[in-house]
1. What does the C-alpha gyration tensor say about the overall shape of segment 72-121? Classify as rounded when a/c is under 1.5, otherwise prolate if a/b is larger than b/c, or oblate.
2. Please report the relative contact order for segment 1-52, taking Cα pairs under 8 Å with a sequence separation of at least 6, and give it as a percent rounded to a whole number.
3. Hey, can you grab everything whose amide H is under 5 Å from the amide H of His119? Only 5+ residues off in sequence or another chain; H modelled, so Pro and N-termini drop out.
4. With every protein chain present, what is the per residue accessible area of segment 78-118 (1.4 Å probe, Å²)?
5. Report Leu22's accessible area, 1.4 Å probe, all protein chains in place, as a number in Å² to the nearest 10.
6. Mind ranking Tyr97, Tyr8 by accessible surface for me, highest first, 1.4 Å probe?
7. Whose amide H sits under 5 Å from the amide H of Asn104, counting only residues 5 or more places off or on another chain, with H placed in the peptide plane?
8. Amide H neighbours of Val46 under 5 Å, at least 5 residues apart or on other chains, H built in the peptide plane: list them.
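The values are calculated or read from the model by the stated rules, or taken from the named source; none is laboratory data. Source: prediction; values computed, not measured. Calculation scope for accessible area: heavy atoms of the full protein, side chains included, ligands and nucleic acids excluded. Shrake-Rupley method; radii C 1.70, N 1.55, O 1.52, S 1.80 Å.
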Amino acid sequence: MHYIIDGYNVINSSDMFSASTLENRRNKLLEFISGQRPHGSLRNSVTVVFDCKSKNPYESDGYNKSHRGGIEIIFSDGVVLADDIITEIVDNSKNPYEITVVTNDKGIRRRTAPSGAKHESVESFLAKGFKVKNAKRADDAENTGVKEEINEEFENLWIKNRSVK
């Protein structure tokens, strides 16, 4: 499952993301997602899309992407809107039935519904973050050293492949 989150729609829908700066509000959302795992399984991917007011000359395709702790973060370029980016991601997906769009924006819901993407309200998404099992999954993944195990496995495969040649 791939969750696409309408970033500003979420942070403007809840006081839990209040902060002195917009950057801190965005960071609170990203910390909530990575810490509380409202998207459930570790296998579910997350993309958070934000509008940006100014055009960055180094961007491409109308937006720029970055990653933070397994979360893909997209900022629009000030010309293309976050709504358009969300719709584009859904429309270009090979399997839009595996996408859940998190927003209360009726326009985005209308634009992405014909593709078969699922929709989840902001309130429902946030409530799932307070379920004990989701927070436990995040803690378990962090505490069990999953990342170290994967790195060790890749290292062993790499060494094995190098010795075969």
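1. Working: a/c = 1.74, a/b = 1.37, b/c = 1.27.
Cα axes put segment 72-121 in the prolate bin.
2. Details: 44 pairs, mean separation 31.3, N = 52.
Relative contact order of segment 1-52: 60 percent.
3. Sorted by chain and number, the residues that satisfy this are Val101.
4. 54
5. 80
6. Largest to smallest exposure gives the sequence Tyr97, Tyr8.
7. Counting only residues 5 or more places away or on other chains, the set is Val122.
8. So Val46 has HN proximity to Tyr3, Glu72.
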